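The structure appears right after this line, and notes come after that.
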Amino acid sequence: MEKFIYRLRYIGIDMVPSPLKMTVMNLLAKKPMTGYSLMQALEQQVGWKPSPGSVYPLLADLYKAKLVQIKDEGRKKMYSLTPQGRKALKMIVTQKENFLRHLQQHMRACSLIGNQKENEEMKQFFSIIRDKESHLAWLHEDAIGLRNIIFSFADHQLTRTQQEKIKKIIREAIIKLRKIKIPTAASCGVLHPVKK
């Protein structure tokens, strides 16, 4: 993921912006931040902490493009979006919406040749992407933490015993989660509107 985002940060502002650029601009639209606080916010929201070598050159590029302004507060530099930066962010949001509309059209076309299970998975995938906040937002931080731990295993040569211990923990968690009784919408008297 880091290498992927690192490569994408070189994409120009007139083209589809990089995920890092979009996220940084979105964060700066909410409040002024230092480079360090941006890195912390990125780690908290996305589960990945970019290096200073990714963030500070990006901030410099945004400053040169007059999308970001800098205010010195003692030894800290506070970055915030300029009015031009806010306009650029609106354009990015429009590009994202156009992309999602285009993706939805392709998914509809694919549903004509897929089976029912694939169609449902595509609908679910699209709704997760489309919705700004998932109804699983309360689980986001823990899910990111779990994912990061699992991915960190790839950086180490684990012994067979360690591998089995990890698998056992995950299997036990799956069993416990399956035992949680969750009422369905119908049993609660909640009816979801049928989408046409």
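Summary of packing: across the peptides 73-83, 54-64, the per-residue average of other C-beta atoms within 10 Å ranks them, highest first, as 54-64, 73-83. Between the amide H of T34 and those of Y79, distances stay under 5 Å, these residues lying 5 or more places away or on another chain, with hydrogens modeled in the peptide plane. Residues whose amide H falls under 5 Å from that of T82, counting only those 5 or more places apart or on a different chain, are V68, Q69, with hydrogens built in the peptide plane.
For the pair H102 and E43, the difference between a 0.36 nm per residue extended length and the Cα-Cα distance amounts to 18.3 nm.
The alpha carbons of the range 49-119 stretch over 61, 27, 16 Å along the principal axes, in descending order.
Readers should treat all values here as calculations from the given coordinates under stated rules, not as data from a laboratory. What you see is a predicted model; the values in this text were computed from it and never measured. Reconstructed Cβ throughout: ideal geometry from the backbone, glycine too, with neighbour counts over all protein chains shown.
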